[in-house]
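The structure appears below as structure tokens.
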Amino acid sequence: MSQNTMVHGDDEGAVPTNLPPDPSRRFWVTTACALGGVAGVATAVPFVSTFAPSAKARAAGAPVEVNVGDIPVGQMITVEWRGKPVWIIHRSKEQLDGLKANDPLVADPESKRPGFTPKYAENEYRSRKPELFVCVGICTHLGCSPTAHFEKGGSSGMPANWEGGFLCPCHGSTFDLAGRVFKNKPAPDNLEVPPYQYLSDARIIIGVDEDNKA
């Protein structure tokens with residue numbers, strides 16, 4: 001199973017184009033064109049409110065709701081918020097245990113440096129709930145996107161004591177499964193944790209928290 005699944009945006013239904021001409025429909029086609037803006041809003045609202053904001057709204061920073069209840073243990077999905085990839089990982093107990101082993105190896109184990117971590121994520125797990133990790137998938141060095149290396153050990157070219165995490169292909173910065181940068185790497189800070197809240201046990205909203213209102 002892939003470790004990273006991209007959650008795509010709005011899909012539009014196809015309109016059949018092989019129907020024979022029907023003069024009786026011309027009046028209604030003209031009327032529909034004249035009222036197209038109203039009709040578009042009427043049909044778009046249920047889709048947008050139920051699933052996700054439009055691409056334009058996402059680019060403007062609209063909050064994004066995500067169903068996290070279906071993410072398999074040990075796997076990650078990627079969603080888009082403000083034009084940036086946001087990773088959501090359902091960490092296993094083994095992966096959480098690996099974070100403790102990394103504490104002496106990472107530069108800022110409890111994310112005390114200001115700027116990239118909200119207060120509720122200033123902990124070893126960098127999250128509201130230990131099992132679910134949410135972060136922006138952009139390296140804090142020069143803005144490249146790291147790649148996932150979840151397999152433990154050195155079989156994938158990582159260090160022998162590797163507990164799983166991310167490698168930035170641009171300049172070699174490495175991050176653990178809490179987005180914490182390892183010591184002596186080019187990246188100056190841990191991966192950013194965006195504002196987010198739980199709407200239920202199975203849903204979160206990205207872009208909203210105690211200090212960031214919709």
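Structure notes:
- Ligands, DNA and RNA left out, the accessible area of region 119-212 computed with a 1.4 Å probe is 51% carbon and sulfur.
- For K119, a cut-off of 20 angstrom between C-alpha atoms picks up these aspartates and glutamates, skipping any fewer than 8 places away in its own chain: D103, D108, E110, E131, D176, D189, E192, D209, E210, D211.
- Debye log10 I(q)/I(0) at q = 0.09, 0.13, 0.17 Å⁻¹ for region 58-206, Cα point scatterers: -0.25, -0.53, -0.93
- The loop-placed trypsin sites (Lys or Arg not before Pro) in region 111-214, going by DSSP, that have at most 11 neighbouring Cβ atoms within 10 Å of their Cβ come out as K112, K183, K213.
- Hits among aspartates and glutamates - C-alpha to C-alpha of K213 under 15 Å, sequence gap 8 or more where chains match: E65
- Once you reduce region 102-119 and region 142-159 to the center of their Cα atoms, the two points are 19 Å from each other.
- Legend: calculated FRET efficiency, L96 to A202, from the Cβ-Cβ distance at R0 = 25 Å, rounded to 0.05, equals 0.80.
- In loop segments of region 112-214 as defined by DSSP, the GluC sites (Glu not before Pro) with at most 16 further C-beta atoms inside 10 Å of their C-beta are E122, E131, E151, E210.
- Coupling constants for region 91-107 follow from the phi torsions by the Karplus curve (6.51 cos²θ - 1.76 cosθ + 1.60, θ = phi - 60°), and in residue order they are 7, 7, 4, 4, 5, 5, 4, x, 5, 4, 5, 7, 3, x, 9, 9, 6 Hz; glycine and proline get x.
- Taking all Cα pairs closer than 8 Å and separated by 6 or more residues, the relative contact order of region 58-206 comes to 26 percent.
The values are calculated or read from the model by the stated rules, or taken from the named source; none is laboratory data. For clarity, every value in this text was computed on a predicted model and none was experimentally measured. Virtual Cβ from ideal backbone geometry, glycine too; neighbours counted across all protein chains shown. Each accessible area value is taken on the protein alone, full model and side chains, heavy atoms only, with ligands, DNA and RNA left out. Shrake-Rupley method; radii C 1.70, N 1.55, O 1.52, S 1.80 Å.
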